[in-house]
């Protein structure tokens with residue numbers, strides 16, 4: 001029965017069970033019910049149009065087949081008193097351009113609206129929806145999907161390359177298509193050593209400068225780069241190359257352009273009824289009414305649409321704080337408390353939990369990532385344990401603190417030392433991703449390399465050091481395109497990245513080589529990701545050396561032999577015979593040094609094997625003496641253990657159990 005209903009719904013048929021669940025907020029496939037669908041009715045081909053507009057008195061389908069004029073032949077029928085309207089137009093075919101002409105019950109003037117459920121739209125500045133038939137795309141990523149289903153995301157390397165498709169590369173100033181990107185992007189990501197790519201929003205949106213965060217067509221793949229088949233091809237090729245795909249998704253607010261969702265039937269429809277709650281002054285947008293059942297059906301279906309139809313591996317949910325708090329972005333007197341007297345948006349909280357519950361019921365191993373900028377508790381805890389149900393959260397605190405630190409003159413860094421260590425105080429409260437996103441390299445914030453203190457050499461050295469420190473810190477990683485070759489100007493959505501720097505200036509090429517090496521080093525070393533969310537995977541050696549601004553710590557995997565020792569020097573001073581406590585009586589080998597001349601450094605290396613000494617230091621029985629390069633990070637591996645490994649394992653188990661008890 002369920003399969004029969006699903007098949008009928010796919011044909012755009014109006015089935016009572018689908019209609020009822022839509023109005024109850026439980027139709028999680030509402031895109032098969034609403035929108036335009038090429039179908040056969042009574043043995044005749046045509047298109048069925050269905051939309052939701054509860055306060056409309058009349059609705060017409062208008063398009064290039066009637067010069068976009070409302071005529072009685074294409075007047076929609078009201079299906080029920082809850083605002084569902086529908087019509088079957090005989091003989092209409094795929095490719096027809098259309099809109100809804102909606103007359104509000106309190107206003108004789110009609111407004112032209114794009115279809116909220118359209119699968120294709122005209123490229124801006126045009127705004128009509130386009131009839132799109134269901135495409136039987138041939139996916140060839142079964143191996144990837146099977147592997148994804150068996151993967152423990154928390155114990156795997158995740159290094160995400162965030163990108164804006166329109167400005168990564170262009171073709172003589174024109175956008176690359178999805179198909180053209182499928183020939184270039186997977187190879188680049190593989191070569192550079194990334195595990196995932198995150199696309200900024202790909203919903204249809206009228207303004208390029210909104211970067212996709214102010215959408216009008218939530219089911220319509222933006223036509224800037226092609227159509228849905230092109231995007232599927234790109235994702236297919238990425239999967240076949242072992243690259244996961246994450247999509248930036250914006251369920252909190254939408255743009256107020258007249259042809260979009262705003263006042264869809266002439267009154268607040270998809271947005272809140274109360275103006276103070278609907279208006280998002282900070283972004284000039286409207287907030288979705290997350291408590292309205294039909295809006296819940298629209299949004300949760302949309303999340304599943306991307307996961308089901310495009311094989312997306314995860315969603316980065318934008319601006320979660322805007323959905324959680326009634327006072328988000330509002331001053332005193334501009335908001336009202338909830339029924340309990342608090343500032344939590346109760347329907348927003350409920351929506352988020354339902355969203356995550358529904359998604360994880362259908363997809364067991366999807367990344368649901370919260371971009372949540374406050375200390376709201378238990379974002380990544382299961383719903384049954386009082387959490388919101390996400391499995392990852394961006395660590396905005398780590399990002400803000402560390403970026404402030406690297407801008408400070410090293411002379412004064414000792415007064416800001418805790419900005420680099422504080423994150424470990426709360427690190428295990430959530431499953432964090434460390435993000436250096438697009439938001440950090442725009443609006444006068446400067447590019448990542450230009451944030452670094454100092455002259456030309458120190459900026460590049462500081463960038464290499466910062467990235468190595470980031471790789472050593474527990475948590476999965478995300479960085480925004482352009483950082484990997486140290487682009488000096490801020491990101492601009494209207495032009496491609498400055499790839500020519502790589503060929504013109506040696507330091508940019510060396511930086512790209514460095515990032516390639518570092519990314520692959522990360523993937524190859526289990527200690528950097530196997531115990532990211534287990535407090536036994538990280539130990540400070542010395543978190544308190546503020547005078548010299550040197551941080552030393554240990555990263556561990558399940559196998560002692562995978563242990564790595566990090567020493568990070570955030571000053572341009574070389575230290576000789578520098579003593580560091582180490583975890584084991586062993587021989588240590590420098591396997592990574594960001595000061596290597598191959599990366600543009602001064603080549604202050606430790607080329608010999610370093611043997612531990614029976615000298616207590618940093619509250620450890622053994623220590624080593626070595627050279628510390630300037631503005632650089634070094635990583636040591638265990639070359640040869642001088643202790644019985646079984647005894648060491650037993651000691652660690654005893655200590656771990658003692659710590660947990």
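Just report the Cα centroid separation between region 298-337 and region 137-171, whole Å.
Region 298-337 and region 137-171 have Cα centres separated by 22 Å.
Please list the equivalent ellipsoid semi-axes of region 58-134, computed as the square roots of five times the alpha-carbon gyration tensor eigenvalues, in descending order and whole angstrom.
After diagonalising the Cα gyration tensor, the semi-axes are 20, 15, 13 Å.
When the Cα atoms of region 170-212 are enclosed in a convex hull and the volume is divided per residue, what value in Å³ results?
Considering the Cα atoms of region 170-212, their hull volume per residue is 100 Å³.
Can you give the Rg and Dmax of region 38-83 based on its C-alpha atoms, in angstrom?
Here Rg and the maximum Cα pair distance are 12.0, 33 Å.
For q = 0.11, 0.15, 0.18 Å⁻¹, what log10 I(q)/I(0) does region 535-660 give under the Debye formula with an equal point scatterer on each alpha carbon and no solvent?
-0.38, -0.69, -0.97
On the principal axes of its Cα set, how long, how wide and how thick is region 2-130? Give whole Å, largest value first.
40, 33, 30
With everything on Cα atoms, drop me the angle between helix 293-310 and the longest principal axis of the chain, reported from 0 to 90° to the nearest 10.
Approximately 60 degrees, to the nearest ten.
Show me 434-444, 133-143 ranked by packing, highest mean number of other Cβ atoms within 10 Å first.
Put in order of decreasing packing, that is 434-444, 133-143.
Using the 2.2 N^0.38 Å rule of thumb for compact globular proteins, work out how region 189-231 stacks up: its C-alpha Rg over that value, please.
Its radius of gyration relative to the 2.2 N^0.38 Å reference: 1.35.
From the Cα trace of region 314-468, what convex hull volume per residue do you get, rounded to a whole Å³?
150 Å³
For region 247-320, what is the largest minus smallest coordinate of the Cα atoms on each principal axis, given in angstrom and ordered from greatest to least?
36, 24, 23
For region 503-577, count all C-alpha to C-alpha pairs, find those more than 13 Å apart, and express that count as a whole percent of the total.
Tail fraction, whole percent: 74.
Over region 548-603, consider all pairs of different Cα atoms and compute the Kirkwood hydrodynamic radius from their mean reciprocal separation; express it in Å, one decimal.
Kirkwood radius, region 548-603: 13.1 Å.
Given the convex hull over the Cα atoms of region 224-370, what projected area results after averaging over all orientations, in nm²?
10.2 nm²
Helix 228-240: angle to the longest alpha-carbon principal axis of the chain, degrees 0 to 90, nearest 10?
Helix 228-240 sits at roughly 30 degrees to that axis.
Ranked highest first by the average count of other Cβ atoms within 10 Å around their residues, in what order do 155-167, 490-502 fall?
155-167, 490-502
In degrees between 0 and 90, to the nearest 10, how far off the longest principal axis of the chain does helix 346-362 point, with axes built from Cα atoms?
So the helix axis and the longest Cα principal axis differ by about 80 degrees.
What order do you get for 213, 456 when you list them from fewest to most C-beta neighbours inside 10 Å?
Listing 213, 456 from fewest to most nearby Cβ atoms yields 456, 213.
Could you tell me what fraction of 2.2 N^0.38 Å the Cα radius of gyration of region 141-192 comes to, as a two-decimal ratio?
1.47
Given the C-alpha atoms of region 443-525, compute the convex hull and give its volume per residue in Å³.
Dividing the Cα hull volume of region 443-525 by its residues yields 105 Å³.
For region 232-290, just list the percent of Cα-Cα distances falling in each 5 Å bin from zero outward, please.
4, 17, 22, 15, 6, 7, 10, 11, 5, 1
Would you indicate which of (i) 32.2; (ii) 33.7; (iii) 39.8 is the value of mean projected area of the Cα convex hull in nm² derived from the coordinates of this structure?
(i)
Normalised by the residues of the chain, what does the relative contact order come to in percent, with Cα pairs under 8 Å and at least six apart?
10 percent
Can you give the Rg to Rh ratio for region 129-236, taking only C-alpha atoms and Rh from Kirkwood?
0.98
Jot down the radius of gyration and Dmax of region 306-385, Cα atoms only, both in angstrom.
14.4, 44
Equivalent ellipsoid semi-axes for region 171-310, as square roots of 5 times the alpha carbon gyration tensor eigenvalues: give them largest first, rounded to whole Å.
Whole-Å semi-axes of the equivalent ellipsoid: 32, 16, 13.
Peptides 507-519, 387-399, 71-83: what's the order by average Cβ count within 10 Å, highest mean first?
387-399, 507-519, 71-83
Pull up the DSSP beta bridges for the chain and report the antiparallel fraction as a percent, rounded to 5.
Taking every DSSP beta bridge within the chain, about 75 percent pair in antiparallel fashion.
For a quick check: sort 224, 579 by the number of other beta carbons within 10 angstrom, fewest at the front.
Neighbour counts put them in this order, fewest first: 579, 224.
If you project the alpha carbons of region 348-411 onto the principal axes, what extent comes out on each, in Å, largest first?
For region 348-411, the Cα spread along each principal axis is 53, 21, 18 Å.
So what is the 222 nm mean residue ellipticity for the chain from helices alone, if each DSSP H run of at least 4 adds -39500 (n - 2.57) and you divide by all residues, rounding to the nearest 500 deg cm²/dmol?
Mean residue ellipticity, 222 nm, calculated: -8000 deg cm²/dmol.
Computed from the coordinates by the stated procedures, all read-outs in this text should not be read as laboratory data. Because the structure is a prediction, the values reported are computed rather than measured. For neighbour counting, all protein chains shown are included, and Cβ atoms are generated from backbone atoms with ideal geometry for every residue, glycine included.
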